[in-house]
Amino acid sequence: MSRELALVTLVDGADPDKVNELEESVVLGRHLPGTVGGGHYTWDGIDDPVPSGFEDVANFDLVELELIDGSLGDPGFTGEIKRTLLLQVQTDAHADSVAAFERDLMAMPDHISAIVNWALSRVVGPPGIRWTHCWEQEYYTLDGLKVDYMMSPHHWGLIDGWFDPEMPQQIVDLDLAHVYHHTDRSVLAAALG
Amino acid sequence: MIGKIHILDELTVEPGRLDAVRQLMTEVYMAGAVERGMALEQTWLSPPVELYDQPNNLVYLWSVPDAAAWWAMRGAAGRDPSVGEFWAEMDALCVERQRRFLVDDPPIGEGR
């Protein structure tokens, strides 16, 4: 199963009227404060794509995703937080380490009940794209992400070792996109459905 | 609720490089670690005498007060390229290295 997703970054000095037009032309999730490295919006790839004509307003970091696995704890999810992590596994990482990293990520929902729906995908395009993986979750509340997920000992005590420049097993580049936005529907139910 | 978190660095040091590791840790890493909120609690040498033809283990036990402090430490290290460069230099002196995180073992039935 595959789909696309895009992180959208407004260009400096973008015409406000054109920004409004962009927001009205396509379903975008506006990033909340605290997001890092991923611009201003997420286009989650379940709605009509961004029409042409907005190239002077925003940059579109489009990725093609191939699902590894996912789960819908609540297919009827009606909000409120969708989170996306786009990351780059270093090119010299051993295949066994990459497989262990993917297994560890997919075990997180077993330890963090605030994760309602989730999907882990490989980034398979477009050619030359720097991202390698996309880790998405949905939460009933922002605290589910910022407290339950971030403060879980499973997260900081185990998973983060793959990301931490102080850890010998680090394989994930420090430059990543950690973004989240409000939603009133399940993107992942539509994507995995 | 998890309180104090211990950080255990276990360095398996190449024969003849113990002093170089100690010097690097003391002169390069220590000040930045303290700035990132880490407190050095203990260091150990094992076996308890320097070997000349086999590796020794140098163990450093650090702590931070809680998970929020752990993330503050982690965030600061991630923003400072010299931290990764330090560990690359350290790894060149070591056969192997591990970092573990430890918390108080919860009572039976209250496991996380």
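Each value in this text was obtained by applying a stated rule to the coordinates, not by laboratory testing. Bear in mind the structure is a predicted one, so any value in this text is a computation, not a measurement. When we count neighbours, we look across all protein chains shown, and the Cβ atoms used for this are built from the backbone with ideal geometry, even at glycine.
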- Looking at region A:87-193, what helices (runs of 4 or more DSSP H) fall wholly within it and have at least 2 residues that are farther than 22 Å from residue B:101 by Cα and more than 14 Å from every other protein chain (Cβ to nearest Cβ)? A:95-111, A:187-192
- When region A:142-171 is examined, which residues are found to be within 20 Å of residue A:70 (Cα to Cα) and β-branched (Val, Ile, Thr)? A:159
- Message: Can you tell me how many residues within region B:87-112 are within 9 Å of chain A (Cβ to nearest Cβ), over 18 Å from residue B:41 (Cα atoms) and surrounded by 15 or more Cβ atoms within 10 Å (Cβ to Cβ)?
- Response: 2
- Task: Could you figure out which of (1) out of contact with any strand residue (DSSP E or B) (no Cβ under 8 Å at 6 or more places or on another chain); (2) crowded, with 20+ Cβ neighbours inside 10 Å isn't true of residue A:143?
- Result: (2)
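Within region A:57-73, does at least one residue satisfy the condition of being part of a loop (DSSP other than H, G, I, E, B), without any contact (Cβ under 8 Å) to a residue 24 or more places away in the chain and either surrounded by fewer than 15 Cβ atoms within 10 Å (Cβ to Cβ) or of a type outside the set (Gly, Ala, Ser) (or both)?
For region A:57-73, residues part of a loop (DSSP other than H, G, I, E, B), without any contact (Cβ under 8 Å) to a residue 24 or more places away in the chain and either surrounded by fewer than 15 Cβ atoms within 10 Å (Cβ to Cβ) or of a type outside the set (Gly, Ala, Ser) (or both): absent.
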- Scope region B:35-83; condition more than 10 Å from chain A (Cβ to nearest Cβ) and touching a residue at least 60 places away in the same chain (Cβ under 8 Å); matching residues: B:64, B:65, B:69
- Look at residue A:47 and say whether it is under 29 Å from residue B:79 (Cβ atoms), assigned to a loop (DSSP other than H, G, I, E, B) and acidic (Asp, Glu). no
